[in-house]
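Chemist: Dumping the structure here so I can ask a few things about it.
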Amino acid sequence: MVLNITLPQLDKEKKAKDLIISVLAMNYPLSSKKIYNEIKRRFGYSVTYQAVHKSILQLQAQGVLVKEDMEYSINMQWIDEISDFVEKMKQNYEAHKKYPFGIIDMQTSENMQMIVFSNFLGAELFTLKLLDKYCSNPKNKEPFCAKIQHIKRPIFQSEQAFQTLGIFKKTEIGKYMLVRGDTFIDRWGADFYEGVYKCMFGVDIAKDYETYIYGDLVLQLYIPLEISKKIDLLYNKAKIIEDIKVPEIYNDIYEKKHRVQLLIYKNPEIAEQLRQKTLGYFNNSDTRDSP
């Protein structure tokens, strides 16, 4: 439902409807003649009585004003609707300011945090933002390791990928990715990161969630099954990079409303075990930086 709202304006270019509401907000009920006189007296606005009366009737028809005994006042129901609308708008803006990236819920315990996003795009951007931050900090020395379904960032966040590629090349932190998929698009993405990541494809991992290891932190990104299936289908069908229609995919996959959960926990021992297990794939293989 679209709410038809007429709000008072406080600038000099006041319109008749705005002035009518301003008058009735301070003094009510009033006849149309008294409203007209108040507009002339308080605001010095050059307008005819006929124009004021016409605006009053329009506001009445819109449900903004009510009439009783030839006098008008502001409709309390309209005031309640305005209040509800403003309150919800305020909550939305405050929530967005407090929780960017489309975060709709956050639960925190001593060593663990559960974050819920409203779509897959927000979850991806948040996760990758943490990676950029980790790789940008010269104090961090442990390799970054990931177990993912597909290489997605160069295709779907190409602008951000280019911006951080230079950072990744400068840092001495090792970067390793185990990739469940083994498609043309996955290998195209690995070529983008040539000399930056070591990648291994077709590994039986990341069925239910992707795992990222930043130092002592372990992140588990639970990708909704519907999204996983759509991305699998796209990657398996694509023969050239132009087969991926990014604008359409953004609407259908990345920006579509989904509850996407990210679990973050800090545990040095588990992080080290997972890191070494990931690195073990590469220690036992002659995998190149870019296949």
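FYI, it's all coordinate maths here, none of it is from the lab. What you see is a predicted model, and the numbers here were worked out from it, not measured in a lab. All Cβ positions, even for glycine, are placed from backbone atoms using ideal geometry, and neighbour counts span all protein chains on display.
Chemist: Which three extents, in angstrom, do the Cα atoms of the chain have along their principal axes, listed largest first?
Modeler: Largest first, the chain extends 91, 46, 33 Å along its Cα principal axes.
Chemist: Add -39500 (n - 2.57) for each DSSP H run of 4 or more in the chain, then divide by its residues: what number comes out at 222 nm, to the nearest 500 deg cm²/dmol? List each step's numbers first, then the result.
Modeler: Working: 11 runs with 135 residues, N = 291.
One gets -14500 deg cm²/dmol as the mean residue ellipticity at 222 nm.
Chemist: Please give the FRET efficiency for residue 110 paired with residue 33, using the beta carbon to beta carbon distance and R0 = 41 Å, rounded to the nearest 0.05.
Modeler: 0.05
Chemist: In region 30-135, which GluC sites (Glu not before Pro) are in a loop and have at most 11 other Cβ atoms within 10 Å, using DSSP for the loop call? Could you put the intermediate results ahead of the total?
Modeler: Details: sites: 38, 68, 71, 81, 87, 94, 110, 124; in loops: 110.
Of the GluC sites (Glu not before Pro), the ones in loops of region 30-135 whose Cβ has at most 11 other Cβ atoms within 10 Å are 110.
Chemist: Among the lysines, which have Cα under 17 Å from the Cα of residue 90 when same-chain residues fewer than 8 positions away are ignored?
Modeler: Filter leaves 98.
Chemist: Debye sum, Cα scatterers, region 16-95, no solvent: what log₁₀ I/I(0) at q = 0.11, 0.16 1/Å?
Modeler: The Debye formula, applied to the Cα set alone, gives -0.32, -0.60.
Chemist: Please compare each pair in 152/198; 141/175; 33/67; 139/170; 207/257 to a cut-off of 19 Å on the Cα-Cα distance and tell me which ones are over it. Show your work: numbers first, answer last.
Modeler: Details: 152/198 15 Å; 141/175 11 Å; 33/67 14 Å; 139/170 14 Å; 207/257 22 Å.
Checking Cα-Cα distances, 207/257 exceed 19 Å.
Chemist: Over the alpha-carbon set of region 82-235, divide Rg by the Kirkwood Rh and report the Rg/Rh ratio to two decimals.
Modeler: Numbers: Rg = 17.2 Å, Rh = 17.0 Å.
That ratio is 1.01, to two decimals.
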